[in-house]
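Everything below concerns the one structure shown next.
A short reminder: the numbers here are calculations on the coordinates, not readings from a lab. Since we're looking at a predicted model, the values are computed, not measured. So basically every Cβ, Gly included, is an ideal-geometry build from the backbone, and we count neighbours across all protein chains shown.
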Amino acid sequence: MEESSSPSLLARLLGREDEELRYRLAKAERELERLRESASRNEALHEALLEGLAEGVVLLDSDRVVRRHNATAVRLLGTGSRVAEGSTLLYLFREPETLAAIDLIYAGEESEWLLNRPPRILRLRGFPFTFPGQAPGALLTVHDVTRQETLETTRQKFISNVSHELKTPVAGIRLAAENLQLGKLVSEEGEQSLGSILRASERMSLLLQDVAELSRIETGALKLEVLEIEVEGFARQVISDFALPARSRRMKLEVEMGHDVAGLKVKADPLRLHQLLDNLISNALKFSPEGSAVKLSLMREGAWLAWTVKDEGPGIALNEQGRIFERFWRSERMRGIPGTGLGLSIVKHLARLMDGEVTVESEFGKGAAFTLRLPLS
């Protein structure tokens, strides 16, 4: 009896194992199907988001082959660029500047540049991008900035033309007022009026000069003459040029050199560097009280040289520090002090032309420190 019952028991056990195995297989298949559906939904969502962007998007793999793109990229770059999955980089771009910018991206740097694709002007931004499990690639975004660039060009031409056309009549007004003053042809009251005319024409001349200078910088008409400058001697010369105005207000001018600055050199345009520092130092003297001190310090910061102009003036409120480099912007507290509101904007643009930057640190009521950082030779 025992021998006849054993096969039956074994069969039942095997049957249960088969049933358990079938159950687990069915469950695994259902989970796999759920994952497939979830992946499909995510892919559809990603595709919808990509296609819904107002900016063009192009993803390049490590071989510089297009792996993803959207319809906006095709429209902005033009059908001649043949944007499509599997296209190589040279199907999209042949401009040397663009290819050089993309080389930077593959070297691990972000990049931004303008691309002229008539009738459009495009701004491209590029970022290093790594596909899962693959070597680094690149993510490019494409923006249509035709309207902005056209308006900016029109604005720059208008400012340039207006400043040029106004120079002659302003000079004529000033000359006529000076002649009247020298000829003693007016009464005492007239003398006061002539003084007002001369002061007003002087302010207008300064404004036109600054507007013309900023216009030249922004349009690229200003070309730098870069030389190698020995920084310590240059800094002391800049400070010595302000000795007289500082003495007239009983102010102290100081120069401070870092221990590792001696013998350092930078490549810059000496005329424009002097102009930039002149703006910062003259502002420091203008806004600091009589009897205070203005210091120019030079410190090495790795591959950079920092020129810092520190004053003991009223300082700049935190909510104003983000605007002080804007054209014509002036704090309400400084409206009574003469100035065009363009000096710091010119400083910012000159610094950029010399591959540097200008920053400010200030606390309201405790002075301000403007720092120009330039790359060392």
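Of note:
- Computed from the Cβ-Cβ distance with R0 of 45 Å, the FRET efficiency linking Asp241 to Tyr106 stands at 0.45.
- Between Ser331 and Glu225, the distance separating the two model label sites (each 7 Å from Cα on the Cα→Cβ line) works out to 3.7 nm.
- Mean separation of Cα contacts under 8 Å, 6 or more apart, over the residue count of the range 53-144: relative contact order %: 31 percent
- The length gained on full extension between Lys27 and Gln181, counted as 0.36 nm times the residue separation minus their Cα-Cα distance, comes to 45.1 nm.
- Among 90-96, 294-300, the order from most to least packed when residues are scored by Cβ within 10 Å on average: 294-300, 90-96
- Extension gain, Tyr91 back to Ser282 (0.36 nm per residue minus Cα-Cα distance, nm): 63.4 nm
- Residue-span extension gain [Ala135 to Val360] - 0.36 nm each, minus C-alpha spacing: 77.0 nm
- Each Lys or Arg adds one and each Asp or Glu takes one away; over the other residues whose Cβ falls under 13 Å from the Cβ of His143, this sums to +2.
- DSSP-defined beta bridges in the range 227-375 - what % are antiparallel, rounded to 5: 80 percent
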